[in-house]
Amino acid sequence: MNLKEVAVQWVKSTVLNDYIAYGDVAAAIETIDGNVYTGISIDTAYSLGHCAEHSAVSEMLKHGEYRIKAVVAVDSMGNAVPPCGRCRELMSQLSPDNSEAIVEVHNGIFKTLEELNTF
C-alpha cells in the first residue's frame, strides 16, 4: 500500500455538531525510518481547528520521530492536496533534513518541501 492509499483510509467527512467537523482531509507521513503516521483535519466554527498534517506530525513526534521522507494529504475525493504554508513551515522547522521530504502536491505531481518553501 502506498502512502496516498494509507491517507485515503482515514479521510471521512464527519460533522460532530454545529461547531465541529472533522476528517475532510487526511494526511500520511512516512519517516526516514520507514514508519507511517496519519492524521485528520479538524474544522471549527471559530478557527480553532488544525490541518491533517499537524495531526500526523503530532503522532510522529509522540513516537520520537521528526525526520520526514514523504508526506501526502488527501481530500474527501481521494485527491492529493498541497500542504498550507503553516504546515510546510512546521515540517521544515522539525529538522533541516525535512527540506528533502517528497510531497505529493497534486495527483502524481511531487515536489520537495524545499521547493514549496521558496519564499
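The values are calculated or read from the model by the stated rules, or taken from the named source; none is laboratory data. Predicted model only: the values in this text are computed from it and were never measured. So basically every Cβ, Gly included, is an ideal-geometry build from the backbone, and we count neighbours across all protein chains shown.
Based on this model, can you work out whether residue 52 counts as touching a His at 6+ places or on another chain (Cβ under 8 Å), modelled with pLDDT of 95 or more, of a type in the set (A, V, I, L, M) and within 19 Å of residue 30 (Cβ to Cβ)? Judged against the criteria, residue 52 is not a match.
The residues of region 86-100 that are within 12 Å of the chain's Cα centre (by Cα) and either buried (at least 16 other Cβ atoms within 10 Å of the Cβ) or not charged (D, E, K, R) (or both), listed by number, are 87, 88, 90, 91.
Within region 38-65, residues that are over 26 Å from residue 18 (Cα atoms) sit with their Cβ atoms under 7 Å from residues that are of a type in the set (Asp, Glu), at 6+ positions apart or across chains, in these pairs: 65/33. The residue that is farthest from the chain's Cα centre (by Cα), among those in region 7-23 that are surrounded by 17 or more Cβ atoms within 10 Å (Cβ to Cβ) and over 19 Å from residue 66 (Cα atoms), is 21. Is one or more of the residues making up region 72-95 touching an Asp or Glu at 6+ places or on another chain (Cβ under 7 Å) and either on the phi > 0 side of the Ramachandran plot or at pLDDT below 95 (or both)? Yes: one or more hits. Restricting attention to region 35-54, the residues that are closer than 15 Å to residue 76 by Cβ and out of contact with any helix residue (DSSP H, G or I) (no Cβ under 7 Å at 6 or more places or on another chain) total 3.
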